[in-house]
Each structure stands twice: as C-alpha cells, then as structure tokens.
1. Helix 40-53 sits at what angle to the longest principal axis of the chain, using alpha carbons and giving 0 to 90 degrees rounded to 10?
2. Obtain the nm distance between the two label points defined at residue 181 and residue 119 by a simple spin-label model: each point lies 7 Å from its Cα along the Cα-to-C-beta direction.
3. Can you tell me the length gained on complete extension of the stretch residue 68 to residue 55, counting 0.36 nm per residue apart and subtracting the Cα distance?
4. Let me know the whole percent of all Cα-Cα pairs from the range 132-245 that are separated by more than 19 Å.
5. Could you put 174, 127, 165 in order, starting from the residue whose Cβ has the fewest other Cβ atoms within 10 Å?
6. With a cut-off of 8 Å between alpha carbons and a minimum separation of six or more residues, what is the relative contact order of the chain in percent?
7. What residue among 24, 150, 231 has the largest mean-square fluctuation in a Gaussian network model of the chain, using Cα springs under 10 Å?
8. Output the 0 to 90 degree angle, nearest 10, between the alpha-carbon long axis of helix 78-90 and the longest principal axis computed from the alpha carbons of the chain.
C-alpha cells in the first residue's frame with residue numbers, strides 16, 4: 001500500500017466514512033443492475049442520489065445474466081449474480097429481476113422506486129431492524145482493525161470492495177449508444193471473520209485494501225440462513241479512499 005493511499009484512507013476513517021459525519025448510516029442498500037438492461041438506467045440514477053445524499057451505505061452489483069443480449073456488462077460478475085440468487089432463496093422467491101434493490105438484507109423493492117427504497121429503509125429503522133450493531137474500522141500501521149460491538153445472534157463479517165465511479169460507453173445491447181456513469185460498483189466480496197454476539201475485534205493485514213482500482217470498502221455484519229445464504233445485515237461501516245469524502 002502506498003503511503004499516499006494509506007494517509008487518504010486514514011483521513012476517510014477519521015470522518016467516519018463518506019458523508020456520514022458523526023451519524024451512523026441508516027441502512028444498507030444493495031442494487032442489482034446491468035448495463036445491458038433497458039430498465040436499469042433510471043435505477044442507476046436513483047441509486048446515485050442515495051450515494052450523493054450519503055445517509056445509507058449504497059452498493060451496486062452488476063449481474064451477468066443480461067450479457068447474452070449483445071453487450072457484456074464490463075462491471076458484471078457471476079459472483080454478483082450468485083449473491084442476488086442467494087437473496088432470492090433467503091426471501092423464498094423463485095426468480096430475480098433487474099433493477100432490484102435489497103435493503104438491509106431483509107426485503108426487496110424495485111430499484112427505480114426511490115421513494116419505495118426510502119420508505120423501506122425508514123420502516124426498518126422504526127421497526128428496530130436497522131443497523132443495530134455498531135461497527136468501527138480503522139487502519140493502524142500495517143493493520144486493519146475492525147471492532148464489532150456486543151449484541152444478539154451470530155453473523156459473518158463481510159468486506160465488500162467497490163469503485164467510486166466508472167463511466168462506460170455502452171456500444172451494443174438495449175442501452176446501445178449511451179454513456180452511463182456508474183457509482184459504487186462492487187468488484188469483490190469476501191468473508192473475513194465471524195461474530196457470536198460478543199464484542200469482537202478482528203485484526204487483518206491492511207494489504208487487504210490494496211486492490212486494483214479500489215476506492216471504497218464496506219464492512220457488513222451479515223447473518224445467514226442455515227444453508228449459508230445471506231440474510232439480515234445487522235451492522236455496517238465504510239472506509240473510503242481518496243480526498244473527496
């Protein structure tokens with residue numbers, strides 16, 4: 001990790017993540033989208049508003065099942081598709097769709113319905129199903145320390161790496177000829193630890209954050225079903241790289 005990157009990263013942590021100030025995020029919004037889906041640009045635009053507002057952790061997963069239409073989404077991966085299908089199993093659904101938003105790992109809503117997304121986030125807060133377990137992440141020398149507060153239940157500590165923004169010229173498919181700027185597109189997801197309800201501290205090598213094009217990393221405390229599919233997100237934090245916090 002370069003010194004410049006590390007200094008920027010520490011600065012981001014000092015401000016408690018992008019645009020959150022001293023307040024915890026209201027929720028986690030995960031958008032499943034595709035460059036090859038004609039219904040997705042309005043959802044991508046709504047998602048950008050959430051990112052710019054900064055009161056939720058917003059993550060965009062580009063799926064690959066629309067690639068057959070003539071344009072292979074440059075940000076898509078089979079892992080993103082698998083995550084969406086895993087959510088469908090958790091929610092007892094037989095299918096998936098784009099654009100789809102999953103809020104706090106608990107329920108879904110149409111990705112272009114900004115009002116519906118906001119209502120879902122606020123509803124979970126009111127019902128006590130928001131991000132109820134505080135998480136703190138900080139870089140100390142060559143280590144990344146993640147501290148998860150005490151609470152109830154069991155969950156995995158999951159790191160989601162994403163890019164701040166990428167502009168794509170879509171040359172084929174349903175969105176052919178459009179130049180679309182995508183924000184917070186996920187490049188990788190990995191589980192780094194477990195939480196059993198007790199206060200837990202994980203010490204990881206800071207080199208985990210040294211990934212090509214990495215500009216942000218969300219730390220999710222996410223429960224799972226008996227068969228290991230992702231379920232409710234109990235807590236979350238985010239670390240941003242760069243000066244534009």
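1. 30 degrees
2. That separation, rounded to one decimal, is 3.0 nm.
3. Value of the extension gain: 1.1 nm.
4. Within the range 132-245, distances greater than 19 Å cover 52 percent of Cα pairs.
5. Values: 174 18, 127 9, 165 12.
The order, fewest Cβ neighbours first, is 127, 165, 174.
6. 26 percent.
7. In this elastic network of the chain, the residue with the biggest mean-square fluctuation among 24, 150, 231 is 150.
8. Tilt of helix 78-90: around 80 degrees.
Only the coordinates and a few stated rules stand behind these numbers; no lab work does. No experiment lies behind these values; they were computed from the predicted model shown. Note: ideal-geometry Cβ built from the backbone for every residue, glycine included; neighbour counts use all protein chains shown.
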